[in-house]
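The values are calculated or read from the model by the stated rules, or taken from the named source; none is laboratory data. Just so it is clear, the structure is predicted and the values come from calculations on it, not from any experiment. All Cβ positions, glycine included, derive from the backbone under ideal geometry; neighbour counts span all protein chains shown.
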Amino acid sequence: MDTMTLTKVAAGVLGAWLVLLLAKWGGEEVYHAAAHGEASYVIEVAGAEPADAAPEVPLAELLAAASADKGAKVFRKCTACHKVEDGANATGPYLYGVVGRDIDAAAGYAAYSGSLLTNGTVWTPENLFAFLEKPSAWAPGTTMGFAGLKKPEDRANLIAYLDSLDD
């Protein structure tokens, strides 16, 4: 190999390395990850459970401390498929008066999954609490594609909100 070819190869390698370093430096100058604060929306990943689980609080205590206002915020996740007006079915049944209602009894809604009736016949707070944690686990084969609410407080707040809708 002659010196001219060796010089060209060395110049190519060192030039590419220089471009890489300059691109890295430029990217760090343009985007400051630390300056953006904490993430506004965190996506929960299955299997990413915290190492030390908190002690389980009884449902009665959770419901006693639940807030309908906070539940209204949690309900935003449900608005893509459900409405809270009496008789206003959407992709899913309307949820007005759902607490205490028969599981498959929303007027005008016929697309219920048969698997919903395997765990009860009435939407009691206990049934709703268990269903909202992971619908596919509570009623295997359900057509509801929602992954569920992992936080017990969110589920209790949502139940308080739904219970506050009807008289």
**Fill in**
Taking region 143-167 and the residues there that are under 23 Å from E85 (Cβ atoms) and not in a helix (DSSP H, G or I), the one that is modelled with the highest pLDDT would be L149
**Leading residue by the ranking (nearest to V74 (Cα to Cα)) among those in region 95-135 that are in a helix (DSSP H, G or I) and modelled with pLDDT under 90** = L116
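Matching residues to (1) at pLDDT 90 or above; (2) over 20 Å from the mean Cα position of the chain (by Cα):
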position	(1), (2)
Y31	no, yes
A35	no, yes
E44	no, no
G47	no, no
A68	yes, no
**Asked** Before we move on, is A137 surrounded by fewer than 13 Cβ atoms within 10 Å (Cβ to Cβ) and closer than 29 Å to V45 by Cα?
**Response** yes
**Request:** Filter region 72-86 down to residues that are part of a loop (DSSP other than H, G, I, E, B) and basic (K, R) and give me whichever is nearest to M144 (Cα to Cα).
**Result:** K77
**Request:** Please tell me if A139 is in contact with a Phe, Trp or Tyr (Cβ under 9 Å, 6 or more places away or on another chain) and at pLDDT below 90.
**Result:** yes
**Message:** Can you pull out every residue in region 104-157 that is closer than 14 Å to G92 by Cβ and in contact (Cβ under 8 Å) with a residue 40 or more places away in the chain?
**Reply:** M144, F146
**Complete:** Here the residues within region 87-97 that are of a type outside the set (S, T, N, Q), more than 20 Å from K151 (Cβ to Cβ) and in contact (Cβ under 8 Å) with a residue 12 or more places away in the chain are G87, G92, P93, Y94, Y96, G97
